[in-house]
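Any read-out appearing in this document is the output of simple, stated calculations on the displayed coordinates, not a laboratory observation. Please read all numbers here as calculations on a predicted model, not as lab measurements. Note that we place each Cβ from the backbone using ideal geometry, even for glycine, and neighbour counts take in every protein chain shown.
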Amino acid sequence: MAAKKTIKVTQTGSPIGRTDDQHATLKGLGLNKRHRSKVLEDTPSVRGIINKVRHLVRVEEDAR
């Protein structure tokens, strides 16, 4: 079975002063403080979630 593609998402911006839905989106990604990272499966739904807070995160391709 082929390994699933993953991406590493690192929070670079603070949710202070952002809308409630952006704050909730970061929590949904498993991020709650700056410079914390999560490795997530690279799916269209995850990409859509990341797109909502793209100004607050950094994405690295093929993280393993």
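Average the reciprocal distances over every distinct pair of alpha-carbons in the chain, invert the result, and give the Kirkwood radius in Å. Averaging 1/r across every pair of different Cα atoms and inverting gives 11.9 Å. Under a crude label model (7 Å from the Cα following the beta-carbon direction), how far is ASN51 from LYS4 in nanometres? My value for the distance between the label points is 2.0 nm.
The Cβ shell under 11 Å around GLU41 holds other residues with a net charge of +3, Lys and Arg each +1, Asp and Glu each -1.
For the chain, lysine pairs separated by 8 or more sequence positions, or belonging to different chains, with Cα-Cα distances below 14 Å total 4.
Using just its DSSP H runs of length 4 or more, each adding -39500 (n - 2.57), the chain gives a mean residue ellipticity at 222 nm of -8000 deg cm²/dmol after division by all residues.
The string of couplings for region 4-20 from the Karplus curve (6.51, -1.76, 1.60, θ = phi - 60°) is 6, 5, 10, 10, 9, 10, 10, 6, 10, x, 8, x, 5, x, 8, 6, 4 Hz, one whole number per residue in order, with x for Gly and Pro. Spin-label model, ASP20/ASN32: points 7 Å from Cα along the beta carbon direction are separated by 1.9 nm.
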